[in-house]
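Just below is one structure, and these are the notes that go with it.
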Amino acid sequence: MIVQLEEWFEKGIRPQEYVTAMEKHQENFMNVYQSYQLPDDQQFFDDLKVKQLRVIVLTEDWCGDAMMNIPILLKLSEASRMDVRFLKRDENPELMDQYLTNGTSRSIPIFIFMNEDGEEEAVWGPRAAKIQEVVDEARENMPDKDHPSFEEKQKEMILFLTKAYRENEEFWQEVYASLKETLSSLEIKTK
């Protein structure tokens, strides 16, 4: 049986509870949240308020993409009054498996935007397209998995991406632009 999005939303925890419980990337997460400034985009924020969206975030706190993307979503949600709830990917496989990346991967974060009636309106994640290009390029330069240096090179790549996610404001703007593109196209009938 597929549980309706409304039930998943109600099961989720609020942003402050999620952040307080973070064990892995809390400092990096808060750095992005405190450093990122939304663009002056009041008409977009006002349009989103009218749509009365809510968001389910499928995530885990060890995820570098989540560490960068979620603070930007939270800033956007504050500006547009979107209620956000968090669910851990590994504790909610029934929902996660409905939002696989490329039909196979449990990549996170996944943002499920829903209307007042609990109906899915849009899905975003796990990365903005331009960020995916950076990740793909980094992966192309990796040795094969069976190569003796693979583990070391993978750690180096993760450190590089984590630093970029934490500090690169251009990356943050790409995430915002991608979210805006996804949400601007929504035609939601309001009551």
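Identify the single condition in (1) of a type outside the set (Gly, Ala, Ser); (2) within 12 Å of Leu58 (Cβ to Cβ); (3) crowded, with 18+ Cβ neighbours inside 10 Å that Phe113 does not satisfy, given that it satisfies every other one.
Against the list (1) of a type outside the set (Gly, Ala, Ser); (2) within 12 Å of Leu58 (Cβ to Cβ); (3) crowded, with 18+ Cβ neighbours inside 10 Å, Phe113 comes up short only on (2).
For the range 174-191, give me each residue that is free of Cβ contacts under 8 Å to residues at least 24 places away in the same chain and either hydrophobic (A, V, I, L, M, F, W, C) or surrounded by 11 or more Cβ atoms within 10 Å (Cβ to Cβ) (or both).
Passing the criteria: only Glu181.
Show the residue pairs meeting these rules: Cβ distance below 7 Å; 6+ apart or different chains; first residue within the range 31-49 and among the charged types (D, E, K, R); second residue surrounded by 11 or more Cβ atoms within 10 Å (Cβ to Cβ) and part of a loop (DSSP other than H, G, I, E, B).
Lys49/Arg81
Residues that are open to solvent by 30 Å² or more (accessible area, probe 1.4 Å): list the helices (runs of 4 or more DSSP H) wholly contained in the range 40-109 that include at least 3 such residues.
Values: elements: 42-51, 64-80, 93-96.
Once the helices (runs of 4 or more DSSP H) in the range 40-109 are filtered for at least 3 residues that are open to solvent by 30 Å² or more (accessible area, probe 1.4 Å), what remains is 42-51.
Restricting the search to the range 127-151, which residues are surrounded by 11 or more Cβ atoms within 10 Å (Cβ to Cβ) and in a loop (DSSP other than H, G, I, E, B)?
Selection gives Arg127, Ala128, Met142, Pro143, His147, Ser149.
Need pairs with beta-carbon distance below 7 Å; first residue free of Cβ contacts under 8 Å to residues at least 12 places away in the same chain and within the range 136-148, second charged (D, E, K, R); sequence gap 6+ or separate chains.
Pairs found: Pro143/Lys153.
The values are calculated or read from the model by the stated rules, or taken from the named source; none is laboratory data. Here the structure is a predicted model, which means the values were calculated and not measured. For neighbour counting, all protein chains shown are included, and Cβ atoms are generated from backbone atoms with ideal geometry for every residue, glycine included. Quick note on the areas: whole protein, heavy atoms, side chains included, nothing else; ligands and nucleic acids left out. Shrake-Rupley method; radii C 1.70, N 1.55, O 1.52, S 1.80 Å.
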